[in-house]
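*Asks:* Handing you this structure, nothing more for now.
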Amino acid sequence: MAETAFPGSPGGGLPHPGGTAVVPRSRRWVGAGAWLARRIGSAVFVLWAVATLIFLAIRLIPGDPAEAIMGGPGSQASAAALEAARTEYGLDQPLWVQYLGQLGRLATGDLGSSYALKVPVAQLLGDQLPGTVGLAVGAWVLAWVLALGLALWSGLGGRGAAVVGSALEIAAASVPHFWLASVLVLLFSTAWGWLPPVSNGTTAGLVMPVITLALPLAGFLGQVMRESMLTAMNSPFALSARARGESETGVVLRHALRHAALPGVALSGWALGSLVSGAVVVEAIFARPGLGRSLLQAVTLRDVPVVTGVALVSALAYVLVMAVSDLAERAIDPRIREH
């Protein structure tokens, strides 16, 4: 009897007893190579685009970059000192020459030195990166726990739980970071004295910043995951599982939860951008060292190398997170691996 290719599989494939096509190993390797090439190409393009936009945006800000190098407008630097700074940093050259020079330095990994702090940008980022990574990872984990909890509650609790869960998600997603941070400080520090009002390097000092970043993100993730959960609960495969005697809890945990997690995984790149932008506010409010606070100070001082370095690190993190989320989607949903 002739073998029949499984419908929907790329180029066919051998039939599998479970109903899923077996893709030849050589084709899987080709697909993996093409996926990796696309990821590398997109990473290079994103980093180039970020470097270009930052270069143009900084130079559109009114003011003389040489003044920022000499300490800002309040430094009262002489005209000769400003001219010397322009010559030293190449600011007296045409704009396109400055642009190509910056791209060349970035291509070799040279991020330059901070205008304000007079230290290498790579060293500055290395000092500030752990604080922001710890904050972002803690907020991301807490947001996922809350979003999954709401999705499970909506799936197992019936219509009433779904309505309440939707209201909680909308409320959480609508809260601005600065307002939430202020309320948390007022309650947990001023009124009750449970937590320090600023980050002091301890675990207790990390609690309020993490909650501030996590709650709005949990609201957004919870909305898409709850809708996906409820849709999966009414899908044919869920009805078939119930017909086989599967309990409602089993249907949720073994079948619907996987479908509910997919939208959250797909939004991981956007979630990272949300955490980075929120970190600027949170780190400033809680006096917490990190990339967000460094970026805010660098923009204020027109510290071009620091702004460029922070933006490139954020873009690279975005690309890596998107790649990891793509791999996670393929692991969760076998259908994606077939394309």
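The values are calculated or read from the model by the stated rules, or taken from the named source; none is laboratory data. Keep in mind the model is a prediction, meaning the values are calculated, not measured. Ideal geometry is used to build each Cβ from the backbone, glycine not excepted, and the neighbour counts take in all protein chains shown. Each accessible area value is taken on the protein alone, full model and side chains, heavy atoms only, with ligands, DNA and RNA left out. Shrake-Rupley method; radii C 1.70, N 1.55, O 1.52, S 1.80 Å.
*Asks:* Got a number for residues in segment 171-215 being open to solvent by 30 Å² or more (accessible area, probe 1.4 Å), of a type in the set (Gly, Ala, Ser) and farther than 18 Å from residue 279 by Cα?
*Replies:* Total satisfying the criteria: 3.
*Asks:* Just to be sure, is residue 143 buried (at least 20 other Cβ atoms within 10 Å of the Cβ), touching a Gly at 6+ places or on another chain (Cβ under 9 Å) and modelled with pLDDT of 90 or more?
*Replies:* Against the criterion (buried (at least 20 other Cβ atoms within 10 Å of the Cβ), touching a Gly at 6+ places or on another chain (Cβ under 9 Å) and modelled with pLDDT of 90 or more), residue 143 qualifies.
*Asks:* A further question on this structure: Considering only residues that are of a type in the set (A, V, I, L, M, F, W, C) and free of Cβ contacts under 8 Å to residues at least 60 places away in the same chain, look in segment 146-170 and name the one that is least open to solvent (accessible area, probe 1.4 Å).
*Replies:* 161
*Asks:* Kindly establish whether residue 131 is in a helix (DSSP H, G or I), more than 15 Å from residue 307 (Cα to Cα) and modelled with pLDDT of 85 or more.
*Replies:* In short, yes.
*Asks:* Filter segment 294-312 for residues that are within 17 Å of the chain's Cα centre (by Cα) and either aliphatic (A, V, I, L, M) or at pLDDT below 85 (or both); which is surrounded by the most Cβ atoms within 10 Å (Cβ to Cβ)?
*Replies:* The extreme case among them is 310.
*Asks:* Got a sec? Which of 138, 155, 126, 134 is more than 30 Å from residue 234 (Cα to Cα), touching a helix residue (DSSP H, G or I) at 6+ places or on another chain (Cβ under 6 Å) and of a type outside the set (S, T, N, Q)?
*Replies:* Step by step, each of 138, 155, 126, 134 is checked, and only 138 is more than 30 Å from residue 234 (Cα to Cα), touching a helix residue (DSSP H, G or I) at 6+ places or on another chain (Cβ under 6 Å) and of a type outside the set (S, T, N, Q).
*Asks:* Sticking with this structure for a sec: Check off (1) open to solvent by 60 Å² or more (accessible area, probe 1.4 Å); (2) in a loop (DSSP other than H, G, I, E, B) for residue 287 and give me the number that stays unchecked.
*Replies:* Only one criterion in (1) open to solvent by 60 Å² or more (accessible area, probe 1.4 Å); (2) in a loop (DSSP other than H, G, I, E, B) is unmet by residue 287, namely (1).
*Asks:* Between residues in segment 266-279 that are in a helix (DSSP H, G or I) and residues that are crowded, with 17+ Cβ neighbours inside 10 Å and among the polar types (S, T, N, Q), which pairs lie under 7 Å by C-beta distance while being six or more apart or on different chains?
*Replies:* Qualifying pairs under 7 Å: 266/325; 268/325; 269/325; 276/314; 279/132.
*Asks:* Count, please, the residues in segment 230-251 that happen to be loosely packed, with under 11 Cβ neighbours inside 10 Å and within 20 Å of residue 262 (Cβ to Cβ).
*Replies:* Adding up the residues that qualify gives 2.
*Asks:* Now for a different question. What single numbered condition from (1) touching a residue at least 24 places away in the same chain (Cβ under 8 Å); (2) part of a helix (DSSP H, G or I); (3) not charged (D, E, K, R) fails to hold for residue 123?
*Replies:* If we test residue 123 against (1) touching a residue at least 24 places away in the same chain (Cβ under 8 Å); (2) part of a helix (DSSP H, G or I); (3) not charged (D, E, K, R), just (1) comes out false.
*Asks:* Could I ask something else about it? Does residue 198 satisfy being farther than 16 Å from residue 256 by Cα, in a helix (DSSP H, G or I) and of a type in the set (Val, Ile, Thr)?
*Replies:* It is false that residue 198 is farther than 16 Å from residue 256 by Cα, in a helix (DSSP H, G or I) and of a type in the set (Val, Ile, Thr).
*Asks:* Now a separate question. What residue, of 253, 239, is closer than 30 Å to residue 275 by Cβ and part of a helix (DSSP H, G or I)?
*Replies:* One residue alone meets the criteria, 253.
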